[in-house]
Amino acid sequence: MPDKPKLTVLGAGSWGTALAALCARNGVPTRLWGRDAGALAQMAAQRCNARYLPDVALPETLQYEANLGTAVRGADIVLIVVPSHAFAAMLDALVPLLDAGTAIAWAAKGFEPGTGRFLHELVAEKLPGRPAAVVTGPSFAKEVATGLPSAVTVHSDDDAFAQRLAGLLHAPNLRAYSGGDVLGAELGGAMKNVLAVATGIADGMNLGLNARAGLITRGMNEMLRLGVALGARPETLIGLSGLGDLVLTCTGDLSRNRRLGLALGQGVAIDEAVRRIGQVVESILTADEVARLAAKHGLDLPISAGVRAVLHGEVTPAEGLKALMAREQKPEYPHGLFGRD
């Protein structure tokens, strides 16, 4: 790759726009692609994403391209920033379009709906043999776009690629770390969305700060136990992609998943809550896949299971809380930190 690799960001929502703007400001030749050609044309004319980041001026050097084939042609790195349920279809569309040497990265969080497969598994299946990396961590798009201090982490099986991509993202107000645990990084980024619904519900019901802290801590325990069962490294999950992202989404009202929980805790129906949020809420699909993985590995994850039950209308938030509080008294870690408690 040249010293200044050409980057194409696929997905012109808030996070895709924020990452594209960040890289363009860093001097990386950057194209931004989106499905809505009209919205892209408006962004190019106004230098602003009026729908998702209306108060952020986009850099003059950022380019916009509505044709997918043209957008990825000649790119050294393609960074996919679409919802997880659209990820497989995006990869399928890229198969005949990518140059042989183009590397793949993604800043999407979730699983393939219906199978529970991780996104890196889809990349390995559909675009094998390419350097591949996930970009994740506690990073609200609005804060990154406006230059507030933030940190992310880039994980890849290819250490050189992870470091190179982290270098493209690293900026005066954004620290970018690198690592080699793709599975752990993806699990943290996906599972924290489910747990954020739980804390949102508790806060929507005015259950207090003690309840929130308890849910975050025990939710972290669920993430660790599932992660270890899957083969993730514990240090990954207590880092930016796990604990960092969990704390952010459980406490910050910019989180769509927390806002969904807040609405449910206040008695709003789920369809209405999603309508008010106006963007994809990843936890709705992710909760099913966490349950699938937990069952496969024989794990009892009561908070995650309770969230899934509420999202499916099987119990009310109050009934879910009652079930959690009615669980038997026992040692905090009866079988060690990563035991099946």
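As I understand it, the dipole of the range 184-326 uses +1 on the Cβ of Lys and Arg and -1 on the Cβ of Asp and Glu, about the Cα centre. Which of Asn193, Leu246, Asn210 lies farthest toward its positive end?
Asn210
Using +1 on the beta carbon of Lys and Arg, -1 on that of Asp and Glu, and nothing else charged, what's the dipole of the chain about the Cα centre, debye to 20? Kindly include the intermediate steps, with their values, before the conclusion.
Working: 32 positive and 33 negative charges, 83 e Å.
Magnitude of the dipole: close to 400 debye.
To the nearest 0.05, how large is the calculated FRET efficiency for Ala326 and Ala151 if R₀ is 56 Å and r is the Cβ-Cβ distance? Write out the running numbers ahead of the final one.
Values: r = 39 Å, r/R0 = 0.69.
The value I calculate is 0.90.
Work through the residues other than Asp181 whose Cβ is under 10 Å from its Cβ and net out their charges, Lys, Arg +1 and Asp, Glu -1.
Values: positive: Arg233; negative: Asp157, Glu186, Glu235.
Overall, the nearby charge balance is -2.
Taking the Cα centre of the chain as the origin and placing charges on Cβ (Lys, Arg +1; Asp, Glu -1), which of Asn257, Leu58, Gly231 is farthest toward the positive end of the dipole?
Projecting each Cα onto the dipole axis, the largest value belongs to Leu58.
Quick one: give the max-minus-min coordinate of the C-alpha atoms of the range 184-326 along each principal axis, largest first, in Å.
Its Cα atoms span 38, 30, 28 Å along the three principal axes.
What does DSSP give for the chain in terms of the percent of beta bridges that are antiparallel, rounded to the nearest 5?
On the way: 7 of 31 bridges.
Approximately 25 percent, going by the DSSP bridge assignments.
Rounded to the nearest 5, what is the percent of antiparallel bridges among the DSSP beta bridges in the range 7-180?
Details: 7 of 30 bridges.
If we restrict to bridges inside the range 7-180, about 25 percent are antiparallel.
Starting from the 7 Å offset along Cα-to-Cβ, what nm value, one decimal, do you get for the label separation of Asp159 and Arg275?
Taking the simple label geometry, Asp159 and Arg275 are separated by 5.3 nm.
Counting Lys +1, Arg +1, Asp -1, Glu -1, what net charge surrounds His85 among other residues with beta carbon under 10 Å of its beta carbon?
Details: positive: none; negative: Glu112, Glu282.
That sum, taken over residues with Cβ under 10 Å, equals -2.
In whole Å, largest first, what are the principal axis extents of the Cα atoms in the chain?
Sorted from largest, the Cα extents of the chain read 59, 37, 36 Å.
For the range 1-122, build the charge dipole from Cβ charges (+1 Lys, Arg; -1 Asp, Glu) around the Cα centre, then report which of Gly101, Gln46, Ala12 sits farthest towards its positive end.
Of Gly101, Gln46, Ala12, it is Gln46.
Under a point-charge model restricted to the Cβ atoms of Lys and Arg (+1) and Asp and Glu (-1), what is the dipole moment magnitude of the range 206-263 relative to its Cα centre, in debye to the nearest 20? Intermediate results must be reported in sequence, preceding the final value.
Details: 7 positive and 4 negative charges, 28 e Å.
Result for the range 206-263 is approximately 140 debye, rounded to the nearest 20.
Ignoring solvent entirely, what values of log10 I(q)/I(0) come out of the Debye formula for the range 253-308 at 0.15, 0.18, 0.24 Å⁻¹ when each Cα is a single scatterer?
Computed log10 I(q)/I(0) values: -0.47, -0.63, -0.93.
Against the longest alpha carbon principal axis of the chain, how many degrees, from 0 to 90 and to the nearest 10, is the axis of helix 209-230 turned?
On a 0 to 90 degree scale, this one is about 70.
For the chain, take the longest principal axis of its alpha carbons; what is the angle in degrees between that and the long axis of helix 256-265, to the nearest 10 within 0 to 90?
Helix 256-265 sits at roughly 30 degrees to that axis.
Stretch Thr217-Ala50 to full length: gain in nm at 0.36 nm per residue minus the Cα-Cα span? All intermediate terms of the calculation are to be shown ahead of the outcome.
Values: separation 167, 0.36 × 167 = 60.12 nm, distance 3.73 nm.
The span from Thr217 to Ala50 would gain 56.4 nm if fully extended.
Where does the range 85-158 land on Rg(C-alpha)/(2.2 N^0.38 Å)? Provide the component values of the computation, followed by the final result.
On the way: Rg = 13.8 Å, N = 74, 2.2 N^0.38 = 11.3 Å.
So the range 85-158 has a normalised radius of gyration of 1.23.
Counting Lys +1, Arg +1, Asp -1, Glu -1, what net charge surrounds Val197 among other residues with beta carbon under 12 Å of its beta carbon? Walk me through the numbers on the way to the answer.
Working: positive: Lys192, Arg256, Arg258, Arg259, Arg308; negative: Asp203, Glu282.
Neighbour charge sum, excluding Val197 itself: +3.
Could you work out the per residue convex hull volume over the alpha carbons of the range 87-210, in cubic angstrom? Can you show the working numbers first?
Values: hull volume 17.7 nm³, N = 124.
Residue-normalised Cα hull volume stands at 142 Å³.
Report the calculated FRET efficiency for Ala89 and Glu235 (r = Cβ-Cβ distance, R0 = 25 Å), to the nearest 0.05. Intermediate results must be reported in sequence, preceding the final value.
Numbers: r = 34 Å, r/R0 = 1.34.
Computed FRET efficiency for Ala89 and Glu235 comes out at 0.15.
When the expected Rg is taken as 2.2 N^0.38 Å, what fraction or multiple of it is the alpha-carbon Rg of the range 7-180? Present the calculation step by step, with values, prior to reporting the outcome.
On the way: Rg = 14.9 Å, N = 174, 2.2 N^0.38 = 15.6 Å.
Taking the Cα Rg and dividing by 2.2 N^0.38 Å, one obtains 0.96.
Run the dipole for the range 283-341 about the Cα centre, Lys and Arg Cβ at +1, Asp and Glu Cβ at -1, nothing else charged, and hand back the magnitude in debye, nearest 20. Could you put the intermediate results ahead of the total?
Numbers: 7 positive and 8 negative charges, 16 e Å.
The dipole magnitude comes to about 80 debye.
Each reported figure results from applying straightforward, stated rules to the coordinates on display, with no laboratory input. What you see is a predicted model, and the numbers here were worked out from it, not measured in a lab. All Cβ positions, even for glycine, are placed from backbone atoms using ideal geometry, and neighbour counts span all protein chains on display.
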